[in-house]
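First comes the structure, then the notes that go with it.
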Amino acid sequence: MRCVELDGKTSSAVYSEDEGVASEAAHGKGARRARVSGIDRALQVIDHLYETGSPAGVYAIAKAVKAPLSTVYVIVDDLVEKNMLTRQTDGSIWLGARLYHYGLAYARSLDFMSIATHEMHDLCRQAGETVQVCGRDGDYMLVLAMADGPSHFQVASRVGTRVPLNWTASGRLLVGHLPEQERIELFKRCARSSPTGRAEIDPGTLSEAAGKAFESRLSIQAGESDYAVACIASPICDRDGQCVATISIVLPEQKAFSDENHYTAHVRSSAERIEKLMGWRNR
């Protein structure tokens, strides 16, 4: 006898020898193999239903994925209980509503990047400067997309660049919706000195700045992460009012403050358009 472990729940099942060495099951390595094997089997079941496009009985599924019938019964029962699969009135198995919700979430993410990228290029043309769409990656700000401006001004950060949240205008906006104490604890953990030495590192000051920037839907920083480089950012908020990303104009520091209102108006409008197109602006 061996075990399938799915989502923290362990169920007894008989496994064939090709799924691992039974004598290792009592050890950490063996437990890990059993857990991975259970996940793999669950994916085989789901993939089979998806690829065939129609409900199937447990026996037919087990035969198709070449797994012991008893193993597939345990996995199917567990997935049905978790609403990943559903049992039809005739006893056959089909994909569950939970998978549908996951699919919708993934589709929304694709829609978001498509819409945000289109708006990013429009803003780049309007402002005549480099524009970035950024998101949060734990304690860091991550550049998700970028459109280079027509000038010869070079921006050091590219797509995939990760920098501490306290270095950038976007970083502060990405956590501005969080409760004050949570912001303070976050900045205590992740605030770092920047290469220019100009980035704020005091957690209380950063938390206050993040909250105010989020409330005003505008954050501006200059020379904190790179010398002579400024960033003017606005938050993109979902229907719950949480900042899921930012859109920002990156330009020479001197230029940013010579016509600040021009840039701030454009970047705010771009963020609002993305929210409206995503259906978030009516929250």
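Observations on the structure shown:
- Qualifying residues in segment 92-108 (those that are of a type outside the set (A, V, I, L, M) and open to solvent by 50 Å² or more (accessible area, probe 1.4 Å)) - the one farthest from the chain's Cα centre (by Cα): 94
Every residue, every condition in (1) among the aliphatic types (A, V, I, L, M); (2) modelled with pLDDT under 95, yes or no:
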| site | (1), (2) |
| --- | --- |
| 135 | no, no |
| 151 | no, yes |
| 160 | no, yes |
| 170 | no, no |
| 175 | yes, no |
| 180 | no, no |
| 183 | no, no |
| 190 | no, yes |
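- Filter pass, residue 212 being of a type outside the set (S, T, N, Q) and more than 24 Å from residue 147 (Cα to Cα): yes
- Residue that is over 14 Å from residue 42 (Cβ atoms) and modelled with pLDDT of 95 or more, where the choices are 122, 111: 122
- Failed item, numbered, when residue 89 is tested on (1) open to solvent by 40 Å² or more (accessible area, probe 1.4 Å); (2) part of a strand (DSSP E or B); (3) among the β-branched types (Val, Ile, Thr): (2)
- Checked against the criterion of being part of a helix (DSSP H, G or I), out of contact with any Ser or Thr (no Cβ under 8 Å at 6 or more places or on another chain) and more than 16 Å from residue 245 (Cα to Cα), segment 126-140 has at least one qualifying residue.
- Search result, residues across segment 83-99 that are farther than 17 Å from residue 40 by Cα and not aromatic (Phe, Trp, Tyr): 83, 86, 87, 88, 89, 90, 91, 92, 93, 96, 97, 98
- Filtered by the rule that a residue be farther than 12 Å from residue 226 by Cβ and not polar (S, T, N, Q), segment 182-196 gives 182, 183, 184, 185, 186, 187, 188, 189, 190, 191, 192.
- Residue 206 meets all of the listed conditions (1) in contact (Cβ under 8 Å) with a residue 40 or more places away in the chain; (2) within 21 Å of residue 241 (Cβ to Cβ); (3) within 20 Å of the chain's Cα centre (by Cα) but one, namely (3).
The values are calculated or read from the model by the stated rules, or taken from the named source; none is laboratory data. Since the structure is predicted, the reported quantities are computational estimates derived from the model, not experimental observations. Cβ atoms come from the backbone with ideal geometry, glycine included; neighbour counts cover every protein chain shown. When the accessible area is computed, the model is the full protein with side chains, heavy atoms only, and any ligands, DNA or RNA have been set aside. Shrake-Rupley method; radii C 1.70, N 1.55, O 1.52, S 1.80 Å.
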